[in-house]
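Trainee: Submitted below is the structure of interest, expressed as structure tokens.
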Amino acid sequence: VFLTLAAHKTQKVYHLDIKSAILNGVLEEEVFILPPAPFKKQGKAWKVKKALYGLKQSPRIWNDHIVKLLEKRGFTQSRVDGCLFLKDDLYVLVYVDDILISTDNIEKYHDFLFALKSSLNIHELGEVRRFLGIEILKKNNGFYINQTDYIERLIMRKIQNTTVQVGYKAITVRNSWS
């Protein structure tokens, strides 16, 4: 739906990646962990102040953080899709640490980007070419998507080290890159 809307409005779609997204969330409850081996002392534990990868509540805390950040900047969260945020002609789609932004106003895009960069470590990836393993190609006034690479990797993983009869010859498929 996001790409359909962008195509209908002839908007460009930009891709951002948030570095260490989970680490931006602040814990609301007390969490203690055992220190790693070199720092371990009998009976001592560390109090965790920020979300860490591996804590079961970290993804929820990160999501709450990004939602509050976007709402503070005037965005409204869609009632139909909780990942979609709207503000005038600026549309933002958030999937964990990947963000797509759709707009036809480059100044609004840069203002939004500047505001995000003031509180998050962001890597700009330019116009979207790949999102969640899906290749995205903008042509004319539309977007074309495919998952050819993903499907090929699945096939190669499934038939790796398998002997396949091809014509009169048996060949063994070896996948050295998975």
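The values are calculated or read from the model by the stated rules, or taken from the named source; none is laboratory data. In this text the structure is predicted, and so the values were computed from the model without any measurement. Positions of Cβ are generated from backbone atoms using ideal geometry, with glycine treated the same way; all protein chains shown enter the neighbour counts. With ligands, DNA and RNA removed, areas are computed over all heavy atoms of the protein, side chains included. Shrake-Rupley method; radii C 1.70, N 1.55, O 1.52, S 1.80 Å.
Trainee: Is there a residue being under 27 Å from ILE61 (Cβ atoms) and part of a loop (DSSP other than H, G, I, E, B) anywhere in the range 8-15?
Mentor: Checked against the condition, which is being under 27 Å from ILE61 (Cβ atoms) and part of a loop (DSSP other than H, G, I, E, B), the range 8-15 yields no hits at all.
Trainee: Hey, another quick one. Counting only residues that are modelled with pLDDT of 90 or more and more than 30 Å from GLU30 (Cβ to Cβ), give me the strands (runs of 3 or more DSSP E) lying completely in the range 43-118 with at least 3 of them.
Mentor: Because the criterion is at least 3 residues that are modelled with pLDDT of 90 or more and more than 30 Å from GLU30 (Cβ to Cβ), the strands (runs of 3 or more DSSP E) in the range 43-118 that meet it are 84-87, 90-95, 98-103.
Trainee: Could you go through the range 22-35 and let me know if any residue there is open to solvent by 60 Å² or more (accessible area, probe 1.4 Å) and under 22 Å from ALA115 (Cα atoms).
Mentor: Yes, there is a match, as at least one residue in the range 22-35 is open to solvent by 60 Å² or more (accessible area, probe 1.4 Å) and under 22 Å from ALA115 (Cα atoms).
One line per residue, one yes/no per condition, for (1) within 17 Å of the chain's Cα centre (by Cα); (2) under 30 Å from THR103 (Cα atoms); (3) among the small types (Gly, Ala, Ser):
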{"residue": "LYS44", "(1), (2), (3)": "no, no, no"}
{"residue": "ALA51", "(1), (2), (3)": "no, no, yes"}
{"residue": "ASP64", "(1), (2), (3)": "yes, yes, no"}
{"residue": "LEU70", "(1), (2), (3)": "yes, yes, no"}
{"residue": "THR76", "(1), (2), (3)": "no, yes, no"}
{"residue": "ASP89", "(1), (2), (3)": "no, yes, no"}
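Trainee: Considering the range 131-149 alone, what residues qualify as being assigned to a strand (DSSP E or B) and more than 26 Å from GLY25 (Cα to Cα)?
Mentor: ILE134, GLU135, ILE136, LEU137, LYS138, LYS139, GLY142, PHE143, TYR144, ILE145, ASN146
Trainee: Residue pairs, Cβ under 7 Å, 6 or more apart or interchain, first in the range 84-97 and open to solvent by 60 Å² or more (accessible area, probe 1.4 Å), second among the basic types (Lys, Arg) and in a strand (DSSP E or B). List them.
Mentor: none
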